[in-house]
Amino acid sequence: MDDFERDREKNKYLIPNIARALKIIEYLAKEKTEASITEISDDFDYPKNSVFRILNTLQYYGYVEEAQRKYKATPRLLYLGYAGMRNNGITENSIDIMHAIRDELNETVMLGTLLGNEIVIIEQLPSFQYIKFTTEIGHRVNIHTSAPGKGIAAFLPEKEKAELISHLTFTRFTNGTIPSQNEMMKELDTVRECGYAIDKGEEVPEVRCVGAPIFDYRNYPIAAVWCSGPSFRLGEEKQQEFGDRIKDYAMQISRRFGYDPGDN
């Protein structure tokens, strides 16, 4: 029984080829840089003919591209995801406050949200400093090594938080990287207490990040806003100062989504 048949047992209204196409898109976007028809067929236990037709359809509409009989996802997926984020109003309700953060703190400001087991960056405003940290829209960062990841995870409902943490791979990048689920839970307790999270060079040694979650009317963390800069400018004293300010700014954005801190 393949994945679709198992899903079909839970929902009889699923359409086979649409379900399989979506799973293949996710597979190429998240698990494999590229894959052949045979690899996809074997990994999903899908008929090769079905995989071939799905990939050709996705290629026709620009969602995958083929080279030397290998298929990979195209940036068109990113454009759709980014458009979806914009439709949810996260960017529109955050961009002016992001400008205010950058004007006050003069470090690169980023906005991101939880996507699966990672944080995806959906907007950024580069610092005016000569030496600054920037990345690409759509870039994904690890939860256990990032300020936005820890900021969002800390305020998830307990069951959802535990489920998320149980699926993380605690890859060690530096001596400061959180190494285990237990240490991660301790870190998230600290984040909840102060209301903001810090990346102390846990993936890239020379980079520091300070961020806070953005909540909606359900008191649910829908995104995070954070500053990123070089370690020589963002020492421990600055991290606390930035944390308090970014937490205040994140609260302003949260109120636009109906968040009421009095409900906590």
- For Lys200, counting only lysines whose alpha-carbon sits under 24 Å away and dropping same-chain residues fewer than eight positions off, the answer is Lys132, Lys150, Lys161, Lys186, Lys238, Lys247
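From the P(r) of the chain, can you give the percent of Cα pairs sitting at distances over 24 Å?
Values: 18843 of 34716 pairs.
The share of Cα pairs beyond 24 Å in the chain comes to 54 percent.
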- Task: Before anything else, pin down the relative contact order of the chain: Cα pairs under 8 Å, at least 6 apart, normalised by residue count, whole percent.
- Result: 14
- Highest-MSF residue in the chain out of Leu125, Leu115, Leu14 [GNM, Cα springs under 10 Å]: Leu14
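May I ask you to list the trypsin sites (Lys or Arg not before Pro) in the stretch 157-264 that are in a DSSP loop and have at most 16 other Cβ atoms within 10 Å of their Cβ?
Answer in residue order: Arg172, Arg218, Arg233.
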- Task: As a check on your grasp of the helix formula, calculate [θ] at 222 nm for the chain: sum -39500 (n - 2.57) over DSSP H runs of n ≥ 4, divide by the residue count, round to the nearest 500.
- Result: -13500 deg cm²/dmol
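How big is the dipole moment of the chain about its Cα centre under a simple scheme where the beta carbon of each Lys and Arg is +1, that of each Asp and Glu is -1, and everything else is neutral? Debye, nearest 20, please. Please report the intermediate quantities before stating the final value.
Values: 33 positive and 41 negative charges, 127 e Å.
The dipole of the chain has a size of about 620 debye.
Among 97-105, 55-63, what's the highest-first ranking by average C-beta atoms within 10 angstrom per residue? Present the calculation step by step, with values, prior to reporting the outcome.
Values: 97-105: 17.2, 55-63: 15.1.
Descending packing order for the listed peptides: 97-105, 55-63.
Could you pull out the chymotrypsin sites (Phe, Trp or Tyr not before Pro) across the stretch 204-264 that fall in loop regions by DSSP (anything but H, G, I, E, B) with no more than 15 other Cβ atoms inside 10 Å? The partial results should precede the final answer.
Numbers: sites: Phe215, Tyr217, Trp226, Phe232, Phe242, Tyr249, Phe257, Tyr259; in loops: Tyr217, Phe232, Phe257, Tyr259.
Those satisfying the criteria are Tyr217, Phe232.
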- Message: Using the Kirkwood formula on the Cα atoms of the stretch 91-138, what hydrodynamic radius do you get, in angstrom to one decimal?
- Response: 11.3
- Task: Choose one answer from Val141, Val51, Val225: the residue with the largest mean-square fluctuation in a GNM of the chain with alpha-carbon springs under 10 Å.
- Result: Val51
- Given N residues in the stretch 3-74, what is Rg(Cα) / (2.2 N^0.38 Å)? 1.06
- Excluding residues fewer than 8 places away in the same chain, name every one of the lysines whose C-alpha is closer than 24 Å to that of Lys32. Lys23, Lys48, Lys70, Lys72
- Order of His144, His139, His167 - criterion: other Cβ atoms within 10 Å of each residue's Cβ, fewest first: His167, His139, His144
- Loop-only check: which GluC sites (Glu not before Pro) in the stretch 27-58 are DSSP coil with at most 10 other Cβ within 10 angstrom? none
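Read the figures in this text as sums done on the coordinates, not as results from a lab. Predicted, not measured: the structure shown is a model, and the values here were computed from it. Glycine gets a Cβ as well: all are built from the backbone with ideal geometry, and neighbour counts include every protein chain shown.
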